[in-house]
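The structure appears right after this line, and notes come after that.
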Amino acid sequence: MQTQVKKVAVLGGGTSGWISAALLKKVLGTTVDVELVESEQIGTVGVGEATIPPIQKVNQVLGINEAEFLRETKATIKLAIKFENWRVNGESYFHTFGAPGRSMAFCHFHHFWKRAKTLGLKESLWEYDLNYLCCKENKFAQINAKDPVLDLSYAYHFDAGLYARYLRKLSEQMGVVRTEGRVEKILQDEQSGNITRLKLENGKEVQADLFIDCSGFRGLLIQQTLNAGFEDWSHWLPCDSAVAIASERHEQTAPFTRSIAREAGWQWRIPLQHRNGNGLVYSSAHLNKEQAEDFLLKHLDAKALSEPNHIRFKTGRRRKQWHKNVVAVGLSSGFLEPLESTSIHLIQSAVTRLIQLFPHDGMSQSNINEYNAQSKLEYEQIRDFIILHYTLNERTDAPFWRDVREMEIPSLLQHKMDLFRESGKIVREFNDLFHESSWLQVMLGQGIEPQDYHPLANSMSEADLFEFLRRLKEIKNEPLPKLPSHDLFLEKFAGFAG
Ligand SMILES: Cc1cc2nc3c(=O)[nH]c(=O)nc-3n(C[C@H](O)[C@H](O)[C@H](O)COP(=O)(O)OP(=O)(O)OC[C@H]3O[C@@H](n4cnc5c(N)ncnc54)[C@H](O)[C@@H]3O)c2cc1C
């Protein structure tokens with residue numbers, strides 16, 4: 001006899017716990033009760049402040065007012081990541097959320113651009129990307145243009161602590177029950193091995209039919225109790241440590257994250273309304289903790305506002321992200337390092353997948369297998385996109401960069417790089433989070449020069465091709481004079497004092 005799922009318990013009150021609780025309650029709240037357990041004494045990982053555009057879906061589903069959201073989480077707008085020193089020292093490129101050029105039937109825009117380059121065009125691909133143009137001028141406003149060529153796709157940088165607090169408020173308003181306390185004992189059904197109850201240090205007990213493990217890297221339910229296993233990817237993504245520090249912010253608010261390659265990893269800079277988030281992600285085989293902290297402190301360009309937060313991690317994924325009656329969401333389900341700000345997105349997509357496959361009438365193994373197969377593929381696709389940045393570096397200044405350049409990479413990734421180099425063609429697998437324009441920008445930015453372009457790009461005369469590009473550039477630039485600065489937008493839209 002299968003147990004109907006009427007009660008869900010979420011263990012953990014970090015970003016993953018509160019996104020899970022809020023979405024589950026919002027979407028399934030008429031049939032399912034949601035209780036969240038967290039321990040203030042343990043606290044959260046305290047990082048995770050840059051997002052990607054699908055986060056807007058979460059906000060829409062939760063009915064979040066954007067101006068209020070920006071104010072409450074002290075958020076800023078993110079249009080791109082600027083990668084500095086990644087190919088070689090002194091060079092940079094943007095990976096924007098936009099699409100260069102315009103979408104063309106059968107043949108991507110970049111083939112036309114490539115043909116024009118062979119005919120003497122000087123402009124970079126990014127000159128045809130509105131996101132890039134806005135980054136260059138520090139400008140932003142929502143654009144409601146009818147022509148998709150003027151889509152300005154964006155995400156946010158926000159304060160992780162304030163974000164969790166904001167989602168907690170929304171969740172509690174919707175009826176999520178929050179229980180404070182440290183889980184010290186986990187009870188299981190003797191026959192099935194399913195988890196039945198969590199016993200807290202303060203004597204409380206939490207019973208549920210389904211448990212969402214949002215307990216962070218420790219994976220208290222999925223790993224420490226159910227031993228679901230971990231697939232280690234540190235041979236491809238060797239950074240295993242980070243140190244994070246907040247600092248004062250005086251400069252204009254940039255609408256992008258900075259990712260600066262350093263000797264044994266990379267440094268992030270995330271502008272929020274009230275501070276900058278800074279961190280160094282590094283390989284402990286190439287740099288020790290003291291050196292990393294020292295390096296980051298030396299490379300802050302304003303006063304530090306917090307003590308250094310040191311974090312150790314292992315890149316990889318939980319082999320079974322759903323096992324028995326436990327679904328791992330957030331850091332307990334795996335971690336791919338923060339280079340492309342994908343972790344919060346993985347939380348959102350895990351909860352979406354769970355809702356789609358929700359076991360209302362009890363656990364079914366084929367349902368669980370489907371969930372696990374989908375999340376495995378998603379993790380692998382994102383993993384390969386992150387490896388791409390490392391493997392293509394041409395830096396000669398440090399052993400770390402030589403090691404990641406010389407490592408063997410997944411064969412599908414190698415195929416994608418070879419195909420692009422040879423013909424300019426881009427393979428985007430079904431459901432890959434990263435669209436063609438993302439692959440294109442990073443492959444070009446990291447130095448792959450396609451040797452050919454699609455023959456369809458020859459369908460225009462030379463004169464028509466140059467006129468097409470001239471006009472497109474003009475259209476992309478048209479909104480700029482009317483757009484406010486990013487700071488002015490935040491002031492007018494969300495009421496921030498500049
Ligand atoms: C260096 C670094 C930088 C990152 N940057 C980004 C980024 O820019 N963008 C992005 O999308 N992601 C980023 N991430 C990932 C992001 O931080 C996480 O995905 C996100 O914070 C979710 O964490 P979590 O909620 O799973 O875990 P945590 O924040 O660790 O929360 C765990 C929760 O479980 C509770 N808990 C644990 N044990 C118990 C217990 N025994 N009893 C009761 N409660 C318990 C804790 O109290 C806490 O509430 C980054 C991660 C790292 C390490």
Within the stretch 464-498, the residues that are open to solvent by less than 30 Å² (accessible area, probe 1.4 Å) and over 17 Å from Ala254 (Cα atoms) are Leu465, Leu469, Leu472, Ile475, Lys476, Pro479
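This table checks each residue for (1) under 25 Å from Arg317 (Cβ atoms); (2) not charged (D, E, K, R).
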| position | (1), (2) |
| --- | --- |
| Gln207 | no, yes |
| Leu210 | yes, yes |
| Thr225 | yes, yes |
| Ser247 | no, yes |
| Thr253 | no, yes |
| Lys289 | no, no |
| Lys298 | no, no |
| Ala302 | no, yes |
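Specify the residue that is farthest from Ala494 (Cα to Cα); the eligible residues are those in the stretch 285-315 that are away from the ligand (no atom under 13 Å from the Cβ) and polar (S, T, N, Q). Walk me through it before giving the result.
Residues of the stretch 285-315 away from the ligand (no atom under 13 Å from the Cβ): 285-291, 293-295, 297-307.
After this cut, where a residue has to be polar (S, T, N, Q) as well, the list is 288, 291, 306.
Details: Asn288: 41, Gln291: 40, Ser306: 26 Å.
So, considering only residues that are away from the ligand (no atom under 13 Å from the Cβ) and polar (S, T, N, Q), the one farthest from Ala494 (Cα to Cα) is Asn288.
Yes/no per residue for (1) out of contact with any helix residue (DSSP H, G or I) (no Cβ under 8 Å at 6 or more places or on another chain); (2) surrounded by fewer than 20 Cβ atoms within 10 Å (Cβ to Cβ); (3) among the acidic types (Asp, Glu):
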| residue | (1), (2), (3) |
| --- | --- |
| Leu357 | no, yes, no |
| Gly362 | yes, yes, no |
| Asn367 | yes, yes, no |
| Glu370 | yes, yes, yes |
| Lys376 | yes, yes, no |
| Leu392 | no, yes, no |
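His250 - would you say it is at pLDDT below 95 and surrounded by fewer than 23 Cβ atoms within 10 Å (Cβ to Cβ)? Before the answer, list the steps.
Working: at pLDDT below 95: yes; surrounded by fewer than 23 Cβ atoms within 10 Å (Cβ to Cβ): yes.
The answer is yes for His250.
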Failed item in (1) open to solvent by 20 Å² or more (accessible area, probe 1.4 Å); (2) within 16 Å of the ligand (Cβ to nearest atom); (3) among the hydrophobic types (A, V, I, L, M, F, W, C), with Leu346 passing the rest: (1)
Look through Val32, Val61, Val10, Val27 and report the one residue that is open to solvent by less than 10 Å² (accessible area, probe 1.4 Å) and more than 14 Å from the ligand (Cβ to nearest atom). Val32
Lone unmet requirement of (1) open to solvent by 30 Å² or more (accessible area, probe 1.4 Å); (2) free of Cβ contacts under 8 Å to residues at least 24 places away in the same chain for Phe109: (1)
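Could you pull out the residue among Ile409, Ile386 that is open to solvent by 10 Å² or more (accessible area, probe 1.4 Å) and aliphatic (A, V, I, L, M)? Let's see the steps before the verdict.
On the way: Ile386 fails: open to solvent by 10 Å² or more (accessible area, probe 1.4 Å).
Unique residue meeting the criteria: Ile409.
Okay, residues lined up against (1) assigned to a strand (DSSP E or B); (2) in contact (Cβ under 8 Å) with a residue 24 or more places away in the chain:
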position: Phe217; (1), (2): no, yes
position: Leu221; (1), (2): no, yes
position: Asn227; (1), (2): no, no
position: His235; (1), (2): no, yes
position: Cys239; (1), (2): no, yes
position: Ala244; (1), (2): yes, yes
position: Glu251; (1), (2): no, no
position: Thr257; (1), (2): yes, yes
Regarding the stretch 121-136, can at least one residue be identified that is open to solvent by less than 30 Å² (accessible area, probe 1.4 Å) and without any contact (Cβ under 8 Å) to a residue 60 or more places away in the chain? yes
What do you reckon, is Arg269 among the charged types (D, E, K, R), away from the ligand (no atom under 13 Å from the Cβ) and open to solvent by less than 50 Å² (accessible area, probe 1.4 Å)? no
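Could you list all residues from the stretch 1-25 that are under 23 Å from the mean Cα position of the chain (by Cα) and assigned to a helix (DSSP H, G or I)? Full working, then the answer.
At the first step, the residues of the stretch 1-25 found to be under 23 Å from the mean Cα position of the chain (by Cα) are 10-24.
Thr15, Ser16, Gly17, Trp18, Ile19, Ser20, Ala21, Ala22, Leu23, Leu24 - these are the residues of the stretch 1-25 that are under 23 Å from the mean Cα position of the chain (by Cα) and assigned to a helix (DSSP H, G or I).
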Only one of these conditions is not met by Gly46: (1) within 9 Å of the ligand (Cβ to nearest atom); (2) modelled with pLDDT of 95 or more. Which number is it? (2)
If I ask for residues that are loosely packed, with under 15 Cβ neighbours inside 10 Å and touching a residue at least 24 places away in the same chain (Cβ under 8 Å), which ones from the stretch 183-200 would you list? Ser192, Gly193
I want to confirm something. Restricting to the stretch 142-197 and keeping residues that are among the acidic types (Asp, Glu) and farther than 30 Å from Asn309 by Cα, which single residue is farthest from the ligand (Cβ to nearest atom)? Asp147
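Inside the stretch 148-213, counting only strands (runs of 3 or more DSSP E) that do not spill past its ends, which hold 1 or more residues that are under 30 Å from Cys134 (Cβ atoms)? Break it down into steps so the answer makes sense when it comes.
Numbers: elements: 155-157, 177-180, 183-188, 195-200, 205-207, 210-213.
Because the criterion is at least 1 residues that are under 30 Å from Cys134 (Cβ atoms), the strands (runs of 3 or more DSSP E) in the stretch 148-213 that meet it are 155-157.
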Residues in the stretch 316-334: is at least one more than 10 Å from the ligand (Cβ to nearest atom), outside any loop (DSSP other than H, G, I, E, B) and open to solvent by 50 Å² or more (accessible area, probe 1.4 Å)? no
Test of understanding: among Ile382, Ile368, Ile386, which residue is among the β-branched types (Val, Ile, Thr) and either more than 13 Å from the ligand (Cβ to nearest atom) or part of a loop (DSSP other than H, G, I, E, B) (or both)? Ile368
So is Thr225 in contact with a Phe, Trp or Tyr (Cβ under 9 Å, 6 or more places away or on another chain) and either open to solvent by less than 20 Å² (accessible area, probe 1.4 Å) or not small (Gly, Ala, Ser) (or both) or not? no
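The values are calculated or read from the model by the stated rules, or taken from the named source; none is laboratory data. Since the model is a prediction, treat every value here as computed from it, not as a measurement. FYI the Cβ positions are ideal-geometry reconstructions off the backbone, even for glycines, and counts take in every protein chain you see. With ligands, DNA and RNA removed, areas are computed over all heavy atoms of the protein, side chains included. Shrake-Rupley method; radii C 1.70, N 1.55, O 1.52, S 1.80 Å.
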